[in-house]
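First the structure, in the form of structure tokens, and then the observations on it.
The values are calculated or read from the model by the stated rules, or taken from the named source; none is laboratory data. Small disclaimer: the values here were computed from a predicted structure and weren't measured. In this analysis, Cβ positions are derived from the backbone assuming ideal geometry, glycine residues included, and neighbour counts consider all displayed protein chains. Only protein heavy atoms, including side chains, enter the accessible area calculation; ligands, DNA and RNA are left aside. Shrake-Rupley method; radii C 1.70, N 1.55, O 1.52, S 1.80 Å.
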Amino acid sequence: MTSTLRCSPSFINLKDSTKSQKTPGEYFSAAPCFAQTKPSYRIRVIRNSVQEAQLSFSKSKPSMLEGYRRSEKPEQLHQALSGGHSKENDARVPVFVMLPLDTVTQRGNLNRPRAMNASLMALKSAGVEGVMVDAWWGLVEKDGPLRYNWEGYAELVQMVQKHGLKLQVVMSFHQCGGNVGDSCSIPLPPWALEEISKNPELVYTDRSGRRNPEYISLGCDSLPVLRGRTPIQVYSDYMRSFRDRFRDFLGDVIVEVQVGMGPCGELRYPSYPESNGTWRFPGIGEFQCYDKYMRTSLQAAAEAIGKRDWGTSGPHDCGQYKQFPEDTGFFRRDGTWDSEYAEFFLEWYSGNLLEHGDRILLAARGIFQGTEAKLSAKVAGIHWHYRTRSHAPELTAGYYNTRHRDGYLPIARMMGKHGVVFNFTCMEMKDGEQAGNAESSPEGLVRQVKMATRSARTELAGENALERYDARAYGQVLETSRSNSGNGLCAFTYLRMNKKLFEGENWRHLVHFIKIMSEGGRDTKLLKRGSSGSNLYVGFIKEIKTVEDVIEVVLV
């Protein structure tokens, strides 16, 4: 799993699409549902037919993205819900740990099996519930359409089972490489990149015409553009192959399948690509709706309401990637983001994203039904400029969340309809730690998501956005894991297993944290004990000899 800023794609030359550009960053990672919300501007581009898209639009006109409701007191829309603690406050929260991005090699083998075995043994002794791994489309289906190689993952599943751990597996249909936290390069399958090189319109495109090959554009979801199959069919075949290969482990060892639905595996547009200096925190990003399939859809939506001029382009005054809201006519405090045109465009833009998620999750639900493995999906934690009226970075990413509208309730309802866990990040971040000019509020954003998932009766799981090892970060996760304000967490996945995690003080903090989460987060004083250790830690040391013995073989 990649995270919010960890795996945004780079703009790469499509003729040389296997090149990786590593851009270490220091800000955020992302980097990962239920009554459906039907957008009023619901467009399906079928065989590039504007007429058919208009027909689809006209049949779904009633309410513009159910769940988006103007509040009588809009300034209070994002404040915390009142109410007491629920019994969820005392529930145990299982902790998982993300494995390295390169857990499986380019050749499809398990990477450093001896180190992995020692790491899993250590994590099990610390009380971890299990681990999470990315099942990369670019590795598994690398050799050609419908030719799958799951052997490296099969070896990992057996090793996880041997240690009595559980496994979360991410169906990663996006590129890895060239972004914050990326330690390797894994592009899309070569045969898919060949199709993209023949038809560059298959990938997301910004207003300047820059193509982003990290993920196939949702504009062609239902078109047979990948050697006779639609992207949704390709993803479905992949998930079906995974189910068939690991049927005996699903629900027992493999307890969760997270369905990737966009860049970094998140349900969003690639609006803030950091590589090559295209975007820099805390920039507002740009809309990604300029490939021909998205343009056709926009045109159809505008014509369906008799506003043909609105379908020629996205907003003309929305600025550039690195700018701030007040630098633009569209996003500034009194900008056109609150106009009739903006309402049309933003509902179309976010509505397409919701329908994309709905299509993939509908397929996943049918494929994994009866396996007893939970399904989850990830939403990006875009917390910068959250304190502004327009919430510009959220809008360009596809979340129609402003001072007047709740952009996360429709997503939670869509996921809830399919019984999918809503996975969210930023759980370790505090407002006071953020740069002042970013207008960030990760705490406010998390509260809003917790309330949205509670209202939609959708389960909520969490991740940390940055690699953090300090007690302060763990303490914040404990705070956000409780249900006194919105949903409590059903699970937490820690980013990420590496050599540094097993070092003395870092390891002690992790062990304390796992113990507290296993007790429902009640004994928060544990994290204040510093480096004095605990019985759990001492017991672990006696069993494993020393943490240094583990570090010796872990991720060297």
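Things to note:
- Residue check, residue 347 in a helix (DSSP H, G or I) and touching a Pro at 6+ places or on another chain (Cβ under 9 Å): yes
- Here 412, 373, 377 are screened, and the one residue that is surrounded by fewer than 24 Cβ atoms within 10 Å (Cβ to Cβ) and either at pLDDT 95 or above or of a type outside the set (Ser, Thr, Tyr) (or both) is 373.
- Looking only at residues in segment 239-258 that are more than 26 Å from residue 164 (Cβ to Cβ) and within 22 Å of the chain's Cα centre (by Cα), the one that is least open to solvent (accessible area, probe 1.4 Å) is 239.
- Evaluation of residue 213 against the conditions (1) in a strand (DSSP E or B); (2) surrounded by fewer than 19 Cβ atoms within 10 Å (Cβ to Cβ) shows that the sole unmet condition is (2).
- Residues (assigned to a helix (DSSP H, G or I) and out of contact with any Gly (no Cβ under 9 Å at 6 or more places or on another chain)) located in segment 422-442: 432, 433, 436, 437, 438
Conditions tested, residue by residue: (1) of a type outside the set (Lys, Arg); (2) under 18 Å from the mean Cα position of the chain (by Cα).
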position: 150; (1), (2): yes, no
position: 166; (1), (2): no, no
position: 176; (1), (2): yes, yes
position: 186; (1), (2): yes, yes
position: 196; (1), (2): yes, no
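- Condition check for residue 92: modelled with pLDDT of 95 or more, open to solvent by 60 Å² or more (accessible area, probe 1.4 Å) and touching a helix residue (DSSP H, G or I) at 6+ places or on another chain (Cβ under 6 Å): no
- Which listed residue is surrounded by fewer than 20 Cβ atoms within 10 Å (Cβ to Cβ), farther than 16 Å from residue 265 by Cβ, in contact with a Lys or Arg (Cβ under 7 Å, 6 or more places away or on another chain) and not β-branched (Val, Ile, Thr), from 222, 208: 222
- Within the option set 155, 141, being at pLDDT 95 or above, buried (at least 18 other Cβ atoms within 10 Å of the Cβ) and among the charged types (D, E, K, R) holds for one residue only, 141.
- Qualifying residue in segment 290-299 (condition: open to solvent by 10 Å² or more (accessible area, probe 1.4 Å), at pLDDT 95 or above, on the phi < 0 side of the Ramachandran plot and not in a helix (DSSP H, G or I)): yes
- Residues that are closer than 18 Å to residue 442 by Cα and touching a Gly at 6+ places or on another chain (Cβ under 7 Å), drawn from segment 397-421: 397, 399, 400, 401, 406, 409
- Residue, modelled with the lowest pLDDT, within segment 449-469, restricted to residues that are open to solvent by less than 10 Å² (accessible area, probe 1.4 Å) and not in a helix (DSSP H, G or I): 465
- Every residue from segment 485-514 that is part of a loop (DSSP other than H, G, I, E, B) and more than 20 Å from residue 122 (Cβ to Cβ): 485, 486, 487, 488
- Scanning segment 470-484 for residues that are surrounded by fewer than 19 Cβ atoms within 10 Å (Cβ to Cβ) and either basic (Lys, Arg) or part of a loop (DSSP other than H, G, I, E, B) (or both) turns up 470, 472, 484.
- Any hit, segment 263-274, residues being assigned to a strand (DSSP E or B) and either closer than 30 Å to residue 436 by Cα or open to solvent by 40 Å² or more (accessible area, probe 1.4 Å) (or both): yes
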